[in-house]
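For reference, the structure is listed below as structure tokens.
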Amino acid sequence: MTRPRRTLLTSRLTPRLISGLASLLGLLGAALTALPPLAPAGAVADGPCAAWMDRSKSPSARADALVRAMDLDQKLHMVTFGNPPWVTYYGTAGHVTAIPELCVPDLVLSDAGSGVAGLQIATTVFPSGVAQASTWDPALQRRLGRAIGAEAHRKGINVMLAPGMNIARTPVLGRNFEYFGEDPYLASRTAVSVINGIQDNPVLADAKHYAVNNQETDRMTVDARVDERTMRDIYLPAFEASVKEANVGSVMCAYNRVNGPYACENRPLLTKILRRDWGFDGFVVSDWGAVHSTVPSVKAGLDLEMNVFDFPAQLTPIFGAGSRYYGADSLKAALRDGKIKPSHINGMVRNIVRPMFEHGLFEDPVKPGLDPYLRDATTPEHLAVARDVAAEGTVMLKNRRDLLPIDETETGTTGAAGGAGGRTIAVIGWAANPIGAANATSGGGSSHGSGLPPRVVSPLEGIQRQARAHGDRVIYVEGSSGLDARLAASVADVVVVVATDGSTEGADRPDLGLRPSVCVAVFCSAIPIEQEAMIEAAVEANPRTVVVLDVGGPVRMPWLDKAGAVLVPWYGGLEHGNALASVLYGEREPGGRLPQTFPRSEGQVPFTQQQYPGRDGKAVYSEGLLVGYRWYDAKRERPLFPFGFGLGYTTFRYSDLSVRRAGKGASVSFRVRNTGDRVGSDVPQVYVAAPRRAGEPPRQLKGFEKVELQPGESTRVRITLDRRAFAQWDPRRDRWKVTPGRHGIAVGPHSRDLRLRGAVRPRG
Ligand code: BGC
């Protein structure tokens, strides 16, 4: 067996070593590589580029014309990364240098999901992927994507390596925070909206990590063994929707193997499914260092190789040999030996430049340099989007006797008048103060938003601001001794205790505990601050305690019964503190609903070692379709909090369900009424139960809509279910089929509160 190759980002040993150097390199390299600007690749009406700069032609025709005009060296230049590589080129993840004589602009790629992140500075750190999915709000997700794309362009970047859309197969998945939860339908909707937003700019999005990249343990080598139906039903739909509905410009093949071959040399995935079945006409870029061969990768359908560095030969014992499988020498040798054909190379280049034409990258070229690198890309509008996503993505899991919002709470120990201020608010926790919050508002790894220069609004600052406006007083303790937490909590009217968990790329979480971490550049590592005892102390001392969890995925809650309220804002980005305070004070609602189930304990979903993390290099997905709530429903297990769950500050009634056949699908409508006395939003969810003989999980999310209603107001919600909502993948016929018969329809505010029931017999 060949030794696993590693990248700097993924090696367990290297992050500490290079963490301090990394950000320095970004700046230093930027300064050293500040080359004179190349000729701008603008529209050239009658110059040598006229044939492909003519916007009246289709992107495909323009791509063909350009490829015809290129010599072999120019073509080979396009399919691998340029020097200087990785962070040394203005903190970007990688680039392909412009070819000015052909008017081809630089292709500059950067991370990603929570904004223009990685080693970029002066950009908006938005709430992370799991928070974006928690909003269940496609319009807001599109605004978010649009803001991210705009910042990218301003920074000299035209490919955002986002969104990540792998499925939360296990609750401990280290990169869970980057993704959109456990359900393929919700993940698809979120991915489509974010991609559309990014590509509203002359910037390509990138659907990653394709595919079945659902664990960080052994992520560079593990072979995910998964049957075709499970793959099509659970692990691929978000990618499929990204291609078919959002016309995503690029797709990133993953580190892992899928049913044998590595994802980046996996013909069934890259050619059969992606290109033939879905009609993808953009490019496949490798994850950084995920390429393992030249000829098999070319033949499988990999277009662009990326890696962290072009390692000198002396370093091959550490990082593996042949870090450039798509180097000109290797590809020329493969051509010479007749192992690949010129048409392969033409196809690869065509795949790369076609979406560049389609999305305006030639007309609106970027040129990285010191100026864009240092430029402040944030705007007041983008900060407002960050705030909106943070509040709309915050999930309220508990609110005993309407403890929240604070402004309406009764008075506590200090005896102030209810609703009129004068309260004492105790804020507790390292994660609440500016230093802790700077580390807790984004997960670790390539998507980490450094927030440099530092301007994260911490929970403490946000609450102080609101408290001042409401005439309340704030006291703060770090809470790490437990004793200070107890003391502060016992003298307060309301307690807000903030805890965090430092999830990071490159490692799954060992359990569902709370481990804070500190981050240097994109590298975060755990620090020994005790938080569970802090929460215990606070909730014991004062039942009017709100526990705030700045986490990347589900965590255990042994203190839950004693807590007054629980909020999960996930990793909330730069505006976290402002959004949190406005939710606490009821200026805004906690608008989020869980995109994944919270288990009662680590062991509730019983993975065998063979299933996860795997044995003999293989992780066997023998649970099939029973992922997330599908498993809990099939096994009649009660989770801690179910998929789709989340409370607001008002209540809703559901009535008048109507289900009828419409085309090859169905039309579902029902009434939702706000029965409380505050304006509020709800997310009615539609689940479909296939006939038993289809062998599907008991029910699956197939539609939802976020509605906002005034007190007493009601609305009729109409949701269209297309044929696919009733179809299962038939591996024998290689297509989707609808099992004839009665499909149940269940509607409610979450997966375990389905108040309206009906059925339909789709035509199929
Ligand atoms: C990650 C990708 C990321 C890339 C470039 C890899 O380690 O898996 O998600 O886009 O690095 O930074």
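The values are calculated or read from the model by the stated rules, or taken from the named source; none is laboratory data. This is a predicted model, so every value here is computed, not measured. So basically every Cβ, Gly included, is an ideal-geometry build from the backbone, and we count neighbours across all protein chains shown.
Worth pointing out:
- Among residues of the range 260-314, those that are within 16 Å of the ligand (Cβ to nearest atom) and part of a helix (DSSP H, G or I), counted: 2
- Within the range 599-639, being touching a residue at least 60 places away in the same chain (Cβ under 8 Å), part of a helix (DSSP H, G or I) and touching a Ser or Thr at 6+ places or on another chain (Cβ under 7 Å) holds for one residue alone: Y629.
- Residue match in the range 228-236 (condition: touching a residue at least 24 places away in the same chain (Cβ under 8 Å), in the same structural domain as L109 (by TED's automatic domain parsing), outside any helix (DSSP H, G or I) and buried (at least 24 other Cβ atoms within 10 Å of the Cβ)): yes
- Some residue of the range 304-316 being at pLDDT 95 or above and of a type in the set (S, T, Y): no
- Residue in the range 701-710 that is small (G, A, S) and farther than 28 Å from G741 by Cβ present: no
- Meets criteria (part of a loop (DSSP other than H, G, I, E, B), within 30 Å of F523 (Cα to Cα), at pLDDT 50 or above and of a type outside the set (V, I, T)) for G82: yes
- Scan of the range 97-138 for residues that are more than 16 Å from S188 (Cβ to Cβ) and in a helix (DSSP H, G or I), ordered by number: P100, E101, L102, A131
- Which numbered condition V385 fails, given (1) under 20 Å from the mean Cα position of the chain (by Cα); (2) part of a loop (DSSP other than H, G, I, E, B); (3) β-branched (V, I, T): (2)
- With a requirement of 2 or more residues that are within 17 Å of P184 (Cα to Cα) and in contact with an Asp or Glu (Cβ under 7 Å, 6 or more places away or on another chain), the strands (runs of 3 or more DSSP E) lying completely within the range 681-764 that satisfy it span 727-730.
- Among residues of the range 584-598, those that are of a type outside the set (S, T, N, Q) and either out of contact with any strand residue (DSSP E or B) (no Cβ under 7 Å at 6 or more places or on another chain) or modelled with pLDDT under 95 (or both), counted: 5
- Answer from G181, G197 - the residue that is outside any loop (DSSP other than H, G, I, E, B), buried (at least 24 other Cβ atoms within 10 Å of the Cβ) and not assigned by TED's automatic domain parsing to the domain that holds W729: G197
- Any hit, the range 237-256, residues being within 16 Å of the ligand (Cβ to nearest atom) and surrounded by fewer than 24 Cβ atoms within 10 Å (Cβ to Cβ): no
- Selection count where residues are within 19 Å of P599 (Cα to Cα), in a loop (DSSP other than H, G, I, E, B) and either touching a residue at least 24 places away in the same chain (Cβ under 8 Å) or touching a Phe, Trp or Tyr at 6+ places or on another chain (Cβ under 6 Å) (or both), scope the range 503-547: 8
- Only residues that are crowded, with 23+ Cβ neighbours inside 10 Å and under 24 Å from the mean Cα position of the chain (by Cα) were counted in the range 419-460, giving 21.
- Residues of the range 169-186 that are in contact with a Pro (Cβ under 9 Å, 6 or more places away or on another chain) and within 16 Å of the ligand (Cβ to nearest atom): N176, E178, Y179, F180.
- Total residues in the range 66-113, condition farther than 15 Å from E305 by Cβ and away from the ligand (no atom under 12 Å from the Cβ): 23
- First in the range 670-693 and over 14 Å from K706 (Cβ atoms) and assigned by TED's automatic domain parsing to the domain that holds K737, second anywhere and assigned to a strand (DSSP E or B) and among the acidic types (D, E), Cβ under 6 Å, 6 or more apart: F670/D656; R671/D656
- The range 200-225, subset crowded, with 22+ Cβ neighbours inside 10 Å and outside any loop (DSSP other than H, G, I, E, B), residue farthest from the ligand (Cβ to nearest atom): A224
- Scope the range 645-670; condition surrounded by fewer than 17 Cβ atoms within 10 Å (Cβ to Cβ) and not hydrophobic (A, V, I, L, M, F, W, C); matching residues: T651, R653, S655, D656, S658, R660, R661, G663, K664, S667, S669
- For M160, the requirement of being within 14 Å of the ligand (Cβ to nearest atom) and without any contact (Cβ under 8 Å) to a residue 60 or more places away in the chain is met.
- N166 within 16 Å of the ligand (Cβ to nearest atom) and either closer than 18 Å to L594 by Cβ or in contact with a helix residue (DSSP H, G or I) (Cβ under 6 Å, 6 or more places away or on another chain) (or both): yes
- Of the candidates G197, G174, the single residue that is out of contact with any Phe, Trp or Tyr (no Cβ under 8 Å at 6 or more places or on another chain) and more than 24 Å from R275 (Cα to Cα) is G174.
- Every residue from the range 516-561 that is crowded, with 22+ Cβ neighbours inside 10 Å and either among the charged types (D, E, K, R) or not assigned by TED's automatic domain parsing to the domain that holds V491 (or both): R544, D550
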